[in-house]
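First comes the structure, then the notes that go with it.
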Amino acid sequence: MVPVGVEIKETEVSDEDFEEMKGFVRDYLAASVESEEDGGRMRWYPWHSADYRFNHILNVVDLAVDIAESEGADIDVVRVAAVFHDVAKLEAEQDVHAEAGARVAREYLQSRGNYPESFIEEVCGAVVDHSYTGDLTDVSLESRCLMEADLLDKVGANGAVLMILRMGYESRTHMDSAKMVDRVLQRARDHTDRVVSDTAESIAHRRIKRVKWLREWLEEEVARMDAEGVTDR
């Protein structure tokens, strides 16, 4: 018997439905760049490709669900908002991609399934909120979980590898690698200052520790190579 006053919440999004959402978002991103000439807006950078953007979305989904579970947020709202949060990233300008993504999410949810309007509003609200640059305490718990996850994906080994990849596109040598990783550390500290939940802060500190290790190894080994006059072959 369920105690009086306890709200029963049925899962609104089945795993099968969620897989369909992921497939839709993947295809939408691919279609966004399909007709563009020369790769569109700097698509030759790996993080501006449909593949990278979809991988980022999946990372954010996983992180957001972990945070939501620990913080007591509505997991369905969080994971659906997470999967749609960057759906329009490759077709809309940066300053309006969140609103554009919310429109795509709304159209999808209203045309497929029988989702309550209140649920759709919460999802779309979180998608819009994810680009908010102010204090995370200003938004709903579900929005905050998504925003913290989005920030954390840019922290740690993932962010460091992307920054090192960028060196090649900018014709930099390995000698600059430690300096480039310094940028990741600074961004990680900035992002950590923004997160609110204990869960997100714990994840951030673990990821920062990994980047610090990489930074130390690069500084030691690349400096030694430079001192010994070793050059790339």
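The values are calculated or read from the model by the stated rules, or taken from the named source; none is laboratory data. Small disclaimer: the values here were computed from a predicted structure and weren't measured. Neighbour counts run over all protein chains shown; Cβ positions are idealised from the backbone, glycine included. Areas reflect the complete protein model, heavy atoms only, side chains present, ligands, DNA and RNA absent. Shrake-Rupley method; radii C 1.70, N 1.55, O 1.52, S 1.80 Å.
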Q) Looking at segment 136-149, is at least one residue assigned to a helix (DSSP H, G or I) and over 20 Å from ASP193 (Cβ atoms)? A) yes
Q | segment 12-28 residues that are under 19 Å from ALA102 (Cβ atoms), paired with ones that are open to solvent by less than 90 Å² (accessible area, probe 1.4 Å) and basic (Lys, Arg) (beta carbon under 8 Å, 6 or more apart) | A | VAL13/ARG79; PHE18/ARG79
Q. Looking at (1) farther than 14 Å from PHE24 by Cβ; (2) surrounded by fewer than 17 Cβ atoms within 10 Å (Cβ to Cβ); (3) modelled with pLDDT of 95 or more, which is the one condition that is false for ALA102?
A. (2)
Q | Residue within segment 80-94 that is without any contact (Cβ under 8 Å) to a residue 40 or more places away in the chain, under 24 Å from SER49 (Cα atoms) and exposed (fewer than 15 other Cβ atoms within 10 Å of the Cβ) present | A | yes
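Checking the condition modelled with pLDDT of 80 or more, open to solvent by 50 Å² or more (accessible area, probe 1.4 Å), within 20 Å of LEU58 (Cα to Cα) and of a type outside the set (D, E, K, R), which residue from VAL128, VAL196, VAL161 passes?
Values: VAL196 fails: within 20 Å of LEU58 (Cα to Cα); VAL161 fails: modelled with pLDDT of 80 or more.
Exactly one of VAL128, VAL196, VAL161 is modelled with pLDDT of 80 or more, open to solvent by 50 Å² or more (accessible area, probe 1.4 Å), within 20 Å of LEU58 (Cα to Cα) and of a type outside the set (D, E, K, R), namely VAL128.
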Q) Which residue, of VAL161, VAL123, is in contact with a helix residue (DSSP H, G or I) (Cβ under 6 Å, 6 or more places away or on another chain) and without any contact (Cβ under 8 Å) to a residue 60 or more places away in the chain? A) VAL123
Q) With respect to the numbered conditions (1) at pLDDT below 70; (2) open to solvent by 20 Å² or more (accessible area, probe 1.4 Å); (3) part of a helix (DSSP H, G or I), which one is the sole condition not fulfilled by GLN186? A) (1)
(Q) Suppose the filter is among the polar types (S, T, N, Q), touching a residue at least 40 places away in the same chain (Cβ under 8 Å) and open to solvent by 40 Å² or more (accessible area, probe 1.4 Å); does THR133 pass it? (A) no
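Please state which one of LEU58, LEU63, LEU162, LEU109 is in the same structural domain as VAL181 (by the TED database) and in a helix (DSSP H, G or I). Break it down stepwise before answering.
On the way: LEU58 fails: in the same structural domain as VAL181 (by the TED database); LEU63 fails: in the same structural domain as VAL181 (by the TED database); LEU109 fails: in the same structural domain as VAL181 (by the TED database).
Being in the same structural domain as VAL181 (by the TED database) and in a helix (DSSP H, G or I) holds for just one of LEU58, LEU63, LEU162, LEU109, which is LEU162.
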